[in-house]
Structure formats: structure tokens, C-alpha cells
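Below is one structure, written out as C-alpha cells, with a few remarks after it.
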Amino acid sequence: MLRAPAPRVTNLALLAVLALAFATGIGAVAAGAPGGRWTVLAHGIVGMAVIVLVPWKSLVIRRGLRRSRRTRWLSLLLAVLVVTTLLTGIAYTTGLVRSVAGILVMWLHIAGALALLPLVVWHVLARRVRPRRADLSRRALVRGGVFAAVAAGLYGSQAAAVSLAGLPGAGRRFTGSYAAGSFNPAAMPSYSWLDDTTPAIDPRDWRLAVVAGGTRRELTLGDLDAAAVRTVRATLDCTSGWYAEQDWAGVPVRALLPDPGSARSLLVRSRTGYWVRFPIRDLDHLLLATGVGGVPLRPGHGYPARLVAPGRRGFWWVKWVDHLELTDTPWWWQPPFPLT
């Protein structure tokens, strides 16, 4: 059993672990290709590291509560949010609880982590703990290694227990998402990123603007249907915690923009104003889908046209697309996650 470190060391360790949890959490949400599984794995191990620190931090909290401070309620709120974020994470990974009052547990987990951020910043500024040279001593590094090994062991034990018990969490994809409606479009969820809502689109009035090299042309839904339609099997993996593998039918984006010239990115915009930039190298892999599973898209799934971006998470799969544009702006010149 690990011996409890000094309160100062406990606070420094918890700060470092929470920072890692937030960083790996961002990476886990973004991970869409198999190579991203290591970020998801690291996020799980870091979560267990927080659990290992809870008993030691509780001792620090108890000592702090003996002092009369007006801000102690903020410290207690911070502790409650940490516990809530941990519990929702465990509930989600095991599959024991997938939603609460109609709200997906994954969103509660993310909301808890975001609410933690300003409180952690406040706590760091209000309870400053300065690192010391001894914190990087050989003995400290060995203790850190043992601590990391214990956290990894706990994570492995939880995964084994979930598998042996046959809990729903055992069947998750490498991103942590659960299957929902694969090869059955009618059963596939239709969540949107943040505040997007399904627009009412009249297919007779809908136009797709294609802008490249200073020229602009507009295509109707009939023009797309008359083009060389291709079927692509791809997995839509939503950050809400579900995935669905489908056969998507539509027009390759490369067919609509055969010559990118010196453009550096592709801007894809939705009727709702939502937009994402893609690197030019993605042109050969993108599909502008008008159908899925042999039927036209449903309004909630992006009718009349949505982007299919294999290997990327759902927030890249722009729905209700009405604008494609080649630009000179680098693809990375955008927020890491859309802001709306």
C-alpha cells in the first residue's frame, strides 16, 4: 500500500493528474482513428490515478475544513465536481448507467470536467504550492512510477471485471462509444453538436454552392442524384458516446472539386452556420452523402446532404451541407472543436 505523502505533494500530484485528465479527455473526444486508442486508454488510467489520490486528498480537505475560510465552499464544490466527474466516467465505461433523466452520462461527464476547469484555476491561484527541486529526486520519481503502476493496475482490473461480468461496457468501440443503429438508419440517433437544431429545408429550393479558384457554381439535389453516386461503408462515431456503421451513398467531394490547385483547405458549411475546415489531403476520402442504407437521409441525419468523413469523429461530419469552398487558409486555423 502506498504511504500517504505530505499535503503539499498530494496537492501537486492532484493538480498534475487533473491537468493530464483534461488534456487526455480532449484527445479522447477528438480521437476517431485507431491510432487514437492510446489517448483514450491514457484518459482511463489518469482517471484511476485521481481515485488513488482521493483518500490522501480527503485528509488534506479535513484539515482545511478546521480553518474558517469564506472560500471553503468553493473548495467543497470543487471536490463534489471531481467526484461527480469520476462517477459519471465509471458509470459510462461500465455501461451500468447510460443516461440520467434523459441526459446522456457522457455529456454529464464532459460538463462536470468543464465546470471543474475554472475552479481548479481558482484553487491553484488561491492555494499556491511551489514545486521544489526535491520533487524530481530519484526517490520521488520511483514513488511516481509506483503510483502510475497502481493506477494502470486499477484500470486493467476494472476492464477485466467489466468483461468477466458481461457488462455493456465490454462491447465499446476503441473510442469508448457504444453501438447504436448500425446498418439500421431508422434506429441511428440524430444528435447535433451543441446548439444546432434541425432546419426545415425544402429540397426544391436547396442549393449547394461549390466555390473554387474564384468561381462559384450552384448544384441542385437533382444534379447530385444525377452524378456518379458512390457507396462508402463508414462509421459515424459521435462524441455523445455512440457509433453506427452504415453504407452511405453520395458524390465524392473530389468529383465536385477535381482540381484543388494551390488551395490549403476545404471549408464545409452547414445551412445552420456550422462549419469545419479539412486539409486538402482529405479530399479523396470525403463523401457528400444524400442517402444511407439504401434510403434518403432523414432530416435529423442531415437531409438533403451531409458530409461523411471516415476516420474522424462525428463533429466533422457536417450535416445539412450547402457550401463547399477551397480556401488559402490552413485547415488548422480553426478552434480545436467547433464553438457552436
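Values as computed for the structure displayed
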| item | result |
| --- | --- |
| Packing-based exposure ordering (other Cβ within 10 Å, fewest first) of 183, 22, 278 | 183, 22, 278 |
| Segment 7-176: projected area of the alpha-carbon convex hull, averaged over directions, in nm² | 11.2 |
| Distance between segment 261-340 and segment 149-227 - C-alpha centres, whole angstrom | 12 |
| Normalised contact order of segment 195-340, rounded percent, pairs of Cα under 8 Å and 6 or more residues apart | 29 |
| DSSP beta bridges in the chain [antiparallel fraction, %, rounded to 5] | 90 |
| Among 299, 168, 34, residue whose mean-square fluctuation peaks in a GNM of the chain (springs only between Cα atoms under 10 Å) | 34 |
| Shape metrics for the chain, restricted to C-alpha atoms - Rg then Dmax, Å | 23.8, 75 |
| For the chain, built as a Gaussian network whose Cα springs stay under 10 Å, the top-fluctuating residue of 239, 84, 93 | 84 |
| Table column - 3J(HN,Hα) (Hz), segment 172-185, Karplus curve with 6.51, -1.76, 1.60, x for Gly and Pro | 5, 6, 4, 7, x, 7, 9, 5, 7, x, 4, 6, 9, x |
| Residue 182 long-range amide H proximity, modeled H, under 5 Å | 245 |
| Acute angle (nearest 10 degrees) that the helix 7-30 long axis makes with the longest principal axis of the chain, alpha-carbon atoms | 10 |
| Karplus-derived HN-Hα couplings along segment 310-319 (A = 6.51, B = -1.76, C = 1.60, θ = phi - 60°), whole Hz, x at Gly and Pro | x, x, 10, 5, x, 5, 7, 7, 4, 9 |
| The chain, relative contact order [Cα under 8 Å, separation at least 6], % | 15 |
| Along principal axes, Cα extents of segment 187-283, largest first, whole Å | 39, 32, 28 |
| Prolate/oblate/rounded call for segment 236-326, Cα gyration tensor, a/c under 1.5 rounded | prolate |
| Highest-fluctuation residue, 256, 74, 307 considered, GNM on the chain with Cα pairs under 10 Å | 74 |
| Ranking of 196, 237 by count of other Cβ atoms within 10 Å, fewest first | 196, 237 |
| Segment residue 228-residue 179, extension gain: residue separation times 0.36 nm, minus the distance between their alpha carbons | 14.6 nm |
| Extension gain from residue 211 to residue 264, taking 0.36 nm per residue of separation minus the Cα-Cα distance | 17.7 nm |
| Residue 275 paired with residue 130, simple spin-label distance in nm, labels 7 Å along Cα-to-beta-carbon | 4.8 |
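Where a number appears in this text, it was derived from the coordinates with a stated rule and is not lab data. All figures in this text were calculated on a predicted structure; none of them were measured in a lab. Here Cβ is always computed from backbone atoms with ideal geometry, including for glycine, and neighbour counts include all displayed protein chains.
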